[in-house]
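Visitor: One structure, as structure tokens, below. Some questions next.
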Amino acid sequence: MKFEELDLNNNVLDALYDMRFDDCTPVQEKCIPEILNKRDVMGVAQTGTGKTAAYLLPILSMIDSGNYPDETINCLIMAPTRELAQQIDQAMQGFGYYLQGVSSVAVYGGNDGNRYDQELKSLKLGADVVIATPGRFISHISLGNVDLSKVSFFVLDEADRMLDMGFSDDIMTIAKKLPKTCQTIMFSATMPKKINELAQTLLKNPVEIKLAVSKPAEKIKQMAYICYETQKLGIIKDIFKKGDLKRVIVFCGAKQKVKQVSGALQRMKVNCDEMHSDLEQAARDEVMFRFKSGQTDVLVATDILSRGIDIDDIAIVINYDVPRDAEDYVHRIGRTARADRDGAAITLVAKDDMHYFMQIEKFLEKEIEKIPLPEELGEAPEYVDEGKPDRRPAKAKNVRRNDRDQTAHKHKPYRNAEGQPAQASAEGATTEGGEPRKPRYQRQGYRPKDGEQTAEAQAKKTGEQTENAANAENRNRQQQRRRNNRPQGPRPAGEGENRKAGENNGNRTEQTPRKDNENRQRRNNNRGEQAPRKDNPNSQSGDTRNANRGNQSQRRDGTGAQPRDNRNNRRPRPNDNRQRNRQQDGAERTATSTAKAAAPKQDGSIKSIIKKPLKWLKWFKK
């Protein structure tokens, strides 16, 4: 069907003609007439079928025709993510290019103060169409910035995704503030039980339009690699090696995985960007602009990019991690093969993801083609459903160990010159010549593992242990011999004290002087014979210093020795100047106080009279 055959406004048809949109998609053909008849609509269709235009075109056509209040919100559109809200706003600007007096504003978080002021002004003045995310719009409602009493259209785009993100309560809060005459339109790519319950609550006698529920487009070629976790980067490298891929999206299950994969691709010289929730809104906008304009070839992203993002020329979608929900798989691969184009979807299935991938195949009711791994990557695991894996997160160290064990080279039998496996003897494996093979730690070039030692280290350690045991035995014998030589019987009283005070001292005096004592005595004698230093005439010789030391010791003993006055004979120190200045200042202060005391006292009668006004008045009367 052509758009011209629908009862749309002429201004809207002119915009579609300029955008070269002539034919309707099936979902547009069925939804637009029902919305123009002011019926509630429940639309379920696969991604990439034109659901956005299916509700925007009739709503804009009716608002432009009149009969709706000015300076108030006439249409409220809810979107799960900022990127989808921006995309709907861009489509709104294109479809409403020739509309006069129809305004719109996108309300979402992550913006600066200027953007917030713009949102506040648009909501106060009453924009005709408001495209918002639930969280940010709830904050405006709580602040009293929004009046929803005259809303005529309420649209929920990607309703299943909003419920998955936990916006169910926010949607119900917004719906309670809408008038009962509001026309409600709900679109979703899947139809779970939660969507049915929400539709029964919000919609009034709706028209249900279902097209290929939860099924990807037929033009998408779906493939899968069965591999280990550590082989995934090698597979991606092989994929990029085969062809010059310019428009690729790689989906990962977590933002940390996005950062790791993006870094690995950049090291492989791949022109890529990353998209996840840790980025600021300005950075998100810049990444999307570069990817849409062709400046970036590969985009590594989380599931925030799997809903509603309309980029026509995506060649391949790669699922680095298998999604836990089959419906998320449908949304991911729905980014390719849009607008009647071909596309491919490649999924990397690790051992822990086999259960979920089998559930996806069961959901799609078809078996996805399995591609063998490249030869240089080794063998692949067997594709067997081992049940749902444990939800408890495994430690990163254990994960790395398991991946290393899975991809490590297994033990291969030794082969002889003819290529046949060598025969094993009773003692163990044999070499090509038939001789018994040496243990690993005795082979040439063997590098021991942690906690393992070579044969030389083991022998050395054994010898050291034997030597230490012999030394310990000798020490024990000597200690036992000393105990046996001690005198038996009780020790006389005071023997210990006498031996400490007298015997040991007597033994010391009888001993020959030590060599270091002789050297010390020789140095002291040489000092006594030294002459005064030439650079300091006041310096003393060694004899003079010794004499002064003797006087000092006598003065300490209280023997009445003469006080030592050799201050001028020693070298000046920095503290001497400070002490001298302190003494001079004290002398000056003493002289000043003495002069003041000797000066005659001045007459202070006038001063005392001035201080006391009553006395001054008495003196003046006199």
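Visitor: In whole percent, how big is the carbon plus sulfur part of the accessible area of the range 263-316, probe 1.4 Å, protein atoms only?
Guide: 47 percent
Visitor: Using only alpha carbon pairs under 8 Å that are at least six residues apart, calculate the relative contact order of the range 12-137 and give it in whole percent.
Guide: Relative contact order, the range 12-137: 29 percent.
Visitor: Counting only heavy atoms of the protein chains, get the accessible area per residue of the range 177-220 (1.4 Å probe) and round it to a whole Å² value.
Guide: 55 Å²
Visitor: Length gain on complete extension for the stretch Gln118 to Asp70, per 0.36 nm per residue less the alpha carbon to alpha carbon distance?
Guide: In short, 15.4 nm is gained.
Visitor: Something else about it: Counting only protein heavy atoms and using a 1.4 Å probe, what share of the accessible area of the range 87-227 belongs to carbon plus sulfur, as a whole percent?
Guide: On the range 87-227, the fraction of accessible area on carbon and sulfur atoms equals 49 percent.
Visitor: Find how much the distance from Asn10 to Glu464 grows on full extension, using 0.36 nm per residue of separation minus their present alpha carbon separation; answer in nm with one decimal.
Guide: 153.4 nm
Visitor: Quick one: Debye curve from the alpha-carbon atoms of the range 192-251 only, equal weights, vacuum; give me log10 I(q)/I(0) at q = 0.18, 0.20, 0.22, 0.31 Å⁻¹ to two decimals.
Guide: -0.83, -0.92, -1.03, -1.33
Visitor: For each pair in Lys219/Lys370; Lys2/Lys246; Lys150/Lys194, compute the distance between the two Cα atoms and list the pairs where it is over 24 Å.
Guide: Lys2/Lys246; Lys150/Lys194
Visitor: Starting from the Cα gyration tensor of the range 268-380, take the square roots of the eigenvalues, sort them a ≥ b ≥ c, and report rounded, prolate or oblate (rounded when a/c is under 1.5, otherwise prolate if a/b is larger than b/c, else oblate).
Guide: The shape class here is prolate.
Visitor: What FRET efficiency, computed as 1/(1 + (r/R0)^6) with R0 = 25 Å and r the Cβ-Cβ distance, is obtained for Glu375 and Met268, rounded to the nearest 0.05?
Guide: 0.80
Visitor: Kirkwood hydrodynamic radius of the range 175-331 from all distinct Cα pairs, in Å?
Guide: One decimal place: 18.1 Å for the Kirkwood radius.
Visitor: Treating the beta-carbon of each Lys and Arg as +1 and of each Asp and Glu as -1, no other charges, what is the dipole magnitude of the range 228-311 about its Cα centre, to the nearest 20 debye?
Guide: 340 debye
Visitor: How much length is gained if the chain between Tyr98 and Glu208 is pulled fully straight, taking 0.36 nm per residue apart and subtracting their Cα-Cα distance, in nm to one decimal?
Guide: Stretched out fully, the Tyr98 to Glu208 stretch lengthens by 36.5 nm.
Visitor: How much accessible area per residue does the range 1-68 have, counting only protein heavy atoms and a probe of 1.4 Å, in square angstrom?
Guide: 47 Å²
Visitor: In whole angstrom, and with the biggest value first, how far do the Cα coordinates of the range 282-327 range along each principal axis?
Guide: Result, largest extent first: 31, 24, 18 Å.
Visitor: Order Phe95, Phe21 by their accessible area, 1.4 angstrom probe, all chains in place, largest first.
Guide: Largest accessible area first, the residues go Phe21, Phe95.
Visitor: Can you pull the three principal axis extents for the Cα set of the range 154-236, in Å, largest first?
Guide: 57, 27, 18 Å, listed from the longest principal axis down.
Visitor: Where the Cα atoms of the range 1-149 are projected onto their three principal axes, how long is each span, largest first, in whole Å?
Guide: Cα spread of the range 1-149 along its principal axes, largest to smallest: 45, 33, 29 Å.
The values are calculated or read from the model by the stated rules, or taken from the named source; none is laboratory data. Because the structure is a prediction, the values reported are computed rather than measured. In this analysis, Cβ positions are derived from the backbone assuming ideal geometry, glycine residues included, and neighbour counts consider all displayed protein chains. For accessibility, only protein heavy atoms count, side chains too; no ligands or nucleic acids. Shrake-Rupley method; radii C 1.70, N 1.55, O 1.52, S 1.80 Å.
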